[in-house]
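Handing you this structure, nothing more for now.
The values are calculated or read from the model by the stated rules, or taken from the named source; none is laboratory data. Keep in mind that what you see is a predicted model, and the values were worked out from it rather than measured. Cβ coordinates were reconstructed from backbone atoms using ideal geometry, including for glycine residues, and neighbour counts include every protein chain displayed.
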Amino acid sequence: MIKNYGNTDSELSVNVNETKVCRDIVKKIMDFGVKQSQILNIIYFLSLELENRDQMLDISNLVKNMKFNLTEDDTKHIDLDLE
């Protein structure tokens, strides 16, 4: 009897296919000709679509801080609108 450890071939194939789709989406965005500030906005707006609230908050706050070079103390007292 053979024991499988880790991902099976079908699970690995699904992960590879999902990753390829994601990379294709990124390529389309980059081919569109976006600036660095627009990339940060896209990451921010995508982060708002995450189902996991903790991940959404972590990523969106990180991008806000990067975009506006704010410290954690600064973001506690203001509400930023990236639009």
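Just name the residue that is nearest to the chain's Cα centre (by Cα) out of those in region 11-47 that are surrounded by 13 or more Cβ atoms within 10 Å (Cβ to Cβ) and of a type in the set (S, T, N, Q).
Taking the candidates together, the pick is S47.
Pick from region 49-78 the residues that are closer than 21 Å to I29 by Cα and surrounded by fewer than 13 Cβ atoms within 10 Å (Cβ to Cβ): which of them is modelled with the highest pLDDT?
Looking at residues that are closer than 21 Å to I29 by Cα and surrounded by fewer than 13 Cβ atoms within 10 Å (Cβ to Cβ), I get E49.
Could you list all residues from region 1-44 that are of a type in the set (A, V, I, L, M) and modelled with pLDDT under 90? Walk me through how you get there before you give the answer.
As a first pass, look at region 1-44 and keep what is of a type in the set (A, V, I, L, M): 1-2, 12, 14, 16, 21, 25-26, 29-30, 34, 39-40, 42-43.
Listed by number, the residues that qualify are M1, I2, L12, V14, V16.
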